[in-house]
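The structure appears right after this line, and notes come after that.
The values are calculated or read from the model by the stated rules, or taken from the named source; none is laboratory data. If you're wondering where the values come from, they're calculated on a predicted model, not measured in any experiment. Note: ideal-geometry Cβ built from the backbone for every residue, glycine included; neighbour counts use all protein chains shown.
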Amino acid sequence: MAVVIAVVNPKGGVGKTSTCKHLAGALARQGRRVLLVDNDPQASLTKGFWGKAGANLFGPNDSVAALYDPRVMPMPGGIIRVTDFPGIYLLPGSRALSDRNMTPRPAWASAESAMRDFLAEASADYDVILIDNPPSLYLCSHASLVASDRVLIPAEPEDLAVQGIEPVLDGIAAAQAGPNPDLSLLGILLTKYDRRLAIHNAFDALLREYHGNDVFRSSIPLSNDFKLADNHRVPMVSHRANSAASWATIAVAEELLGRLAATKVAAA
Ligand SMILES: Nc1ncnc2c1ncn2[C@@H]1O[C@H](COP(=O)(O)OP(=O)(O)O)[C@@H](O)[C@H]1O
Ligand SMILES: [Mg+2]
């Protein structure tokens, strides 16, 4: 059984997609079978593996959009793809999803449970399932909260990104009170962290004061290497294994597995 982790922050550009991709690389290097779910109509994660042209090959019926269509009953083997990276699998995103992601705060309808049911069926083939989400808390992000065991909130140590944290905590509370009582926070991960910036250090301290151990001890540094890895469409550990960016990614993956083990969730 895989542990399912929703990667959520309604602010764009905070590193949700990068976190999914680069963590997947580090976890796969450690022998974990990782399924990435590109639950964002922008399909950035899918483009991150196969480019824009590659991502455009996936239509409504052979992408994550199929999960939101009550007329389609996809089987995991039919829509999950292997990537070029051993141990990393991808359920592609599709812009066909965009007209599904309009509703703010929907009633818990079949769309949410469709993702949960689908992942439950796929679960035995993976150790970790990471769901990348759009920069909103509409249907897609809610469906991922219903389908997940844990939530990871990436945030740049800056005002706007940090403002995204509370709405996610509210979303977790709403899911706990409703369709997913077992959902819990895995942690807040500081991303794009520039330790030379006083403002980043200040937000780091503030977050730790306020959220305590919920903030990951390890963090992802701001580094051009991530941009280069994205440009080459590879996870960080496959781009430059011996780099600060790569070591930081591995440290986050290890901390993530440690946090799962501490709460006796599978996959650790
Ligand atoms: N640690 C990092 N250092 C430098 N650039 C980064 C880092 N993480 C992400 N980026 C860049 O920031 C941009 C936004 O990241 P992304 O993961 O797409 O955010 P989100 O999915 O939250 O919108 C991308 O261009 C990405 O290459
Ligand atoms: Mg993204």
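From the list 11, 47, which one is in a helix (DSSP H, G or I) and either near ligand 2 (Cβ under 10 Å from one of its atoms) or of a type outside the set (S, T, N, Q) (or both)?
Exactly one residue qualifies, and that residue is 47.
Taking segment 36-70 on its own, how many of its residues are surrounded by fewer than 16 Cβ atoms within 10 Å (Cβ to Cβ) and of a type in the set (S, T, N, Q)? Walk me through it before giving the result.
So in segment 36-70, the residues surrounded by fewer than 16 Cβ atoms within 10 Å (Cβ to Cβ) come out as 51-54, 56-57, 59, 61, 70.
Filter again for of a type in the set (S, T, N, Q), leaving 56, 61.
Looking only at that region, the number is 2.
Return yes when residue 59 is without any contact (Cβ under 8 Å) to a residue 60 or more places away in the chain and away from ligand 1 (no atom under 14 Å from the Cβ) and no when it is not.
Details: without any contact (Cβ under 8 Å) to a residue 60 or more places away in the chain: yes; away from ligand 1 (no atom under 14 Å from the Cβ): yes.
Judged against the criteria, residue 59 is a match.
Just to check your reading of the model, which residue among 190, 183 is more than 16 Å from ligand 2 (Cβ to nearest atom), in contact with a His (Cβ under 9 Å, 6 or more places away or on another chain) and modelled with pLDDT of 95 or more?
On the way: 183 fails: in contact with a His (Cβ under 9 Å, 6 or more places away or on another chain).
After ruling out the rest, the residue left standing is 190.
Are there any pairs, at least 6 apart or on different chains, whose C-beta atoms fall under 7 Å, with the first in segment 25-47 and under 11 Å from residue 132 (Cβ atoms) and the second within 11 Å of ligand 1 (Cβ to nearest atom) and of a type in the set (Lys, Arg), and if so, which?
45/21
Counting only residues that are more than 9 Å from ligand 2 (Cβ to nearest atom), in a loop (DSSP other than H, G, I, E, B) and touching a strand residue (DSSP E or B) at 6+ places or on another chain (Cβ under 8 Å), how many does segment 33-44 have?
Selection size over segment 33-44: 2.
Filter segment 50-94 down to the residues that are of a type in the set (Lys, Arg) and away from ligand 2 (no atom under 16 Å from the Cβ), then identify the one that is modelled with the highest pLDDT. Please lay out each step first, then the result.
At the first step, the residues of segment 50-94 found to be of a type in the set (Lys, Arg) are 52, 71, 81.
Applying the additional criterion that residues be away from ligand 2 (no atom under 16 Å from the Cβ) yields 71, 81.
Numbers: 71: 82, 81: 97.
Across segment 50-94, the extreme among qualifying residues is 81.
For segment 223-238, how many residues are closer than 18 Å to residue 50 by Cβ, surrounded by 15 or more Cβ atoms within 10 Å (Cβ to Cβ), more than 16 Å from ligand 2 (Cβ to nearest atom) and of a type outside the set (A, V, I, L, M)?
Final tally of qualifying residues: 1.
Suppose the filter is in contact (Cβ under 8 Å) with a residue 12 or more places away in the chain and under 17 Å from the mean Cα position of the chain (by Cα); does residue 123 pass it? Please lay out each step first, then the result.
Details: in contact (Cβ under 8 Å) with a residue 12 or more places away in the chain: yes; under 17 Å from the mean Cα position of the chain (by Cα): yes.
So residue 123 passes the test.
Tell me, which residue of segment 181-218 that is touching a residue at least 60 places away in the same chain (Cβ under 8 Å) and closer than 19 Å to residue 11 by Cβ is farthest from the chain's Cα centre (by Cα)? Talk me through it step by step, then tell me what you get.
Looking only at segment 181-218, we keep the residues that are touching a residue at least 60 places away in the same chain (Cβ under 8 Å), and these are 184, 186-187, 189, 191-192.
Next, from what is left, pick out any that are closer than 19 Å to residue 11 by Cβ: 186-187, 189, 191-192.
Values: 186: 12, 187: 12, 189: 11, 191: 13, 192: 16 Å.
Out of the qualifying residues, it is 192.
Say we look at segment 135-145 and pick out the residues that are of a type outside the set (Gly, Ala, Ser) and crowded, with 24+ Cβ neighbours inside 10 Å; which of these is nearest to ligand 2 (Cβ to nearest atom)? Spell out the reasoning first.
Here is the first cut: in segment 135-145, the ones of a type outside the set (Gly, Ala, Ser) are 135, 137-140, 142, 145.
Subsequent filtering for residues that are crowded, with 24+ Cβ neighbours inside 10 Å retains 140, 142, 145.
Values: 140: 11, 142: 17, 145: 17 Å.
Residue satisfying both the conditions and the ranking: 140.
Restricting to segment 77-101, name every residue that is small (Gly, Ala, Ser) and surrounded by fewer than 21 Cβ atoms within 10 Å (Cβ to Cβ).
Pass one, segment 77-101, residues small (Gly, Ala, Ser): 77-78, 87, 93-94, 96, 98.
Scanning segment 77-101 gives 77, 78, 87, 96, 98.
Considering only residues that are in a helix (DSSP H, G or I), over 15 Å from the mean Cα position of the chain (by Cα) and within 16 Å of ligand 1 (Cβ to nearest atom), which ones fall in segment 131-170? Walk me through how you get there before you give the answer.
Initial filter on segment 131-170 (in a helix (DSSP H, G or I)): 139-147, 159-163, 165-170.
Restricting the remaining residues to those that are over 15 Å from the mean Cα position of the chain (by Cα) gives 139, 159-163, 166-167, 169-170.
Correct list: 159, 160, 161, 162, 163, 167.
Please state which of the following conditions residue 23 fails to meet, knowing it meets all the rest: (1) closer than 19 Å to residue 139 by Cβ; (2) in a helix (DSSP H, G or I).
(1)
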